[in-house]
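Data first, discussion second: the structure below is written as structure tokens.
The values are calculated or read from the model by the stated rules, or taken from the named source; none is laboratory data. Please read all numbers here as calculations on a predicted model, not as lab measurements. Methodologically, a virtual Cβ is constructed for each residue, glycine included, from the backbone with ideal geometry; neighbour enumeration extends over all protein chains shown.
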Amino acid sequence: MTDLPFDSLAALADSAPTLPGFDDGAADAARARQDTLTKPPGSLGRLEELAIFMAGWRGDPRPHVFDAQALVFAGNHGITARGVSPFPPEVTAQMVANFERGGAAINQLCRHAGARLSVVPLELDRPTADFTEAPAMTEAECLDAMRTGAEAVDPKCDVLILGEMGIGNSTVSAALACAVCGGPAVDWVGRGTGADDAGVARKIATVEAGLSRHADATGLAILAALGGREQAAICGAILAARVARIPVLLDGFICTAAAAPLFAADPAFLAHARVAHVSREPGHARLCAAIGQDPLLDLGMALGEGTGAALALSLLRAALECHNGMATFAEAGVAGG
Ligand SMILES: Cc1cc2ncn([C@H]3O[C@H](COP(=O)(O)O)[C@@H](O)[C@H]3O)c2cc1C
Ligand SMILES: O=C(O)c1cccnc1
């Protein structure tokens with residue numbers, strides 16, 4: 001395990017400067033290699049950027065993905081009693097069973113992209129408190145879930161794919177994004193799994209009530225006040241990955257919003273993470289812009305589970321195949337390099 005200070009949120013929030021940083025030497029060497037490969041300079045666009053990103057975080061000018069780990073964290077939320085999702089909260093556990101049997105979209109996309117998937121249910125029988133009435137989690141509950149998330153990370157993997165499952169999560173995410181970025185609740189609420197106009201109105205009212213109750217929360221306190229256990233586990237996993245210099249692919253709106261309190265505590269916490277795809281959920285593009293992320297894919301998806309992140313793994317593998325496998329101008333005897 002890691003030596004992250006999981007004894008208090010304040011200590012964790014202060015730990016960013018102690019974490020490993022980007023290896024500029026390895027990244028510069030990777031960038032120099034890209035410029036010698038048999039292609040016009042920069043013509044592989046964001047594939048080049050991905051290879052250099054991997055090089056810097058892995059500390060290796062020629063990085064590889066031998067082992068990709070995907071983690072899906074699942075949790076239940078007190079706010080589902082407020083009618084914020086068209087689906088009942090039982091679906092969370094039912095989908096966990098579906099993941100375990102291999103029947104969900106994430107199972108197919110992990111197999112396709114070559115990631116090994118683990119599902120981590122977090123006390124599904126004990127939903128977090130309704131955040132309009134109390135903090136969703138105590139500090140101890142939040143730290144416990146963060147530790148569980150951190151412990152699920154295999155420090156030997158080369159890249160980490162993160163996803164979630166939790167009915168009500170598009171409302172939780174709207175609340176987290178609103179608390180971190182500001183603005184009216186209506187800017188952050190979308191239809192999620194298909195809320196109708198009355199459902200959207202209930203979601204907005206829930207986010208507004210949560211934000212006014214927890215108006216004082218800043219940084220990681222936002223995570224405990226408004227998040228769920230799966231959001232806390234995602235934050236813990238992001239931190240553990242950082243300790244092991246493992247780059248992270250965040251899925252869509254829900255994963256990005258889960259990570260947003262880390263950004264609020266210190267933007268450096270997310271330096272090794274990339275948002276994989278921009279979700280159809282309308283708050284996602286706004287959230288990505290606010291935290292300086294430019295999602296890799298735009299496929300009109302809004303599923304969650306880590307599906308967009310698993311797809312982005314294929315892109316990352318493609319980027320590294322080119323980076324490591326292409327001939328240089330000198331090797332190929334091509335003029336002009
Ligand atoms: C069958 C099913 C499979 C899912 N897989 C991911 N989600 C996604 O939908 C949920 C958030 O939407 P809302 O806020 O509207 O409840 C999350 O669990 C998310 O992972 C699913 C939702 C359903 C119904
Ligand atoms: O983008 C997401 O993560 C998302 C959006 C809606 C529903 N489930 C997940």
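For region 293-327, name all the residues that are of a type in the set (Ser, Thr, Tyr) and within 16 Å of ligand 1 (Cβ to nearest atom). Quick ask: steps written out before the conclusion?
Start the filter on region 293-327 by keeping residues that are of a type in the set (Ser, Thr, Tyr), which leaves 307, 314.
Matches in region 293-327: Thr307 only.
Checking Ala93 against (1) assigned to a loop (DSSP other than H, G, I, E, B); (2) free of Cβ contacts under 8 Å to residues at least 40 places away in the same chain, which single condition isn't satisfied?
Unmet for Ala93, out of (1) assigned to a loop (DSSP other than H, G, I, E, B); (2) free of Cβ contacts under 8 Å to residues at least 40 places away in the same chain: (1).
Just checking: which of the helices (runs of 4 or more DSSP H) contained wholly in region 167-264 hold 1 or more residues that are within 19 Å of Ser279 (Cα to Cα) and within 13 Å of ligand 1 (Cβ to nearest atom)? Steps first, answer last, please.
On the way: elements: 169-181, 197-213, 220-226, 229-243.
The helices (runs of 4 or more DSSP H) meeting that bar are 169-181, 197-213, 229-243.
Among the residues of region 68-90, are any more than 28 Å from Leu223 (Cα to Cα), part of a loop (DSSP other than H, G, I, E, B) and not hydrophobic (A, V, I, L, M, F, W, C)? Reasoning before the result, please.
Within region 68-90, the first condition is being more than 28 Å from Leu223 (Cα to Cα), and the residues that meet it are none.
No, region 68-90 has no match at all.
Residue by residue through region 96-108, note down the ones that are within 16 Å of ligand 2 (Cβ to nearest atom) and either part of a helix (DSSP H, G or I) or in contact with a His (Cβ under 9 Å, 6 or more places away or on another chain) (or both).
Initial filter on region 96-108 (within 16 Å of ligand 2 (Cβ to nearest atom)): 96, 98-99, 104-106.
Val96, Asn98, Phe99, Ala105, Ile106, listed by residue number.
Tell me yes or no: at least one residue of region 291-303 is crowded, with 22+ Cβ neighbours inside 10 Å and not hydrophobic (A, V, I, L, M, F, W, C).
no
Run Gly45 past the list (1) surrounded by fewer than 19 Cβ atoms within 10 Å (Cβ to Cβ); (2) within 16 Å of ligand 1 (Cβ to nearest atom); (3) of a type in the set (Gly, Ala, Ser) and report the number of the one that doesn't hold.
Among (1) surrounded by fewer than 19 Cβ atoms within 10 Å (Cβ to Cβ); (2) within 16 Å of ligand 1 (Cβ to nearest atom); (3) of a type in the set (Gly, Ala, Ser), the lone unmet condition for Gly45 is (2).
So is Ala134 more than 16 Å from ligand 2 (Cβ to nearest atom), surrounded by fewer than 23 Cβ atoms within 10 Å (Cβ to Cβ), within 30 Å of Arg213 (Cβ to Cβ) and over 20 Å from the mean Cα position of the chain (by Cα) or not?
Working: more than 16 Å from ligand 2 (Cβ to nearest atom): yes; surrounded by fewer than 23 Cβ atoms within 10 Å (Cβ to Cβ): yes; within 30 Å of Arg213 (Cβ to Cβ): yes; over 20 Å from the mean Cα position of the chain (by Cα): yes.
Taking the combined requirement at face value, the residue satisfies it.
If Ala32 satisfies all but one of (1) loosely packed, with under 14 Cβ neighbours inside 10 Å; (2) in a loop (DSSP other than H, G, I, E, B); (3) of a type in the set (A, V, I, L, M), what's the number of the condition it fails?
Answer for Ala32: the failing condition is (2).
The rows are residues; the columns are (1) among the aliphatic types (A, V, I, L, M); (2) in contact with a strand residue (DSSP E or B) (Cβ under 9 Å, 6 or more places away or on another chain); (3) in a strand (DSSP E or B).
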position: Leu117; (1), (2), (3): yes, yes, yes
position: Met137; (1), (2), (3): yes, yes, no
position: Ala140; (1), (2), (3): yes, no, no
position: Gly149; (1), (2), (3): no, yes, no
position: Leu160; (1), (2), (3): yes, yes, yes
position: Glu164; (1), (2), (3): no, yes, yes
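Could you pull out the residue among Ala233, Ala244, Ala224, Ala240 that is farther than 27 Å from Thr307 by Cβ and either modelled with pLDDT of 95 or more or within 16 Å of the chain's Cα centre (by Cα) (or both)?
On the way: Ala233 fails: farther than 27 Å from Thr307 by Cβ; Ala244 fails: farther than 27 Å from Thr307 by Cβ; Ala240 fails: farther than 27 Å from Thr307 by Cβ.
Testing whether each residue is farther than 27 Å from Thr307 by Cβ and either modelled with pLDDT of 95 or more or within 16 Å of the chain's Cα centre (by Cα) (or both) leaves just Ala224.
Mind listing whichever residues of region 279-337 are among the basic types (Lys, Arg) and more than 11 Å from ligand 2 (Cβ to nearest atom)? Lay out the reasoning, then the answer.
Taking region 279-337 and keeping what is among the basic types (Lys, Arg), we get 280, 286, 317.
Residues satisfying the conditions are Arg286, Arg317.
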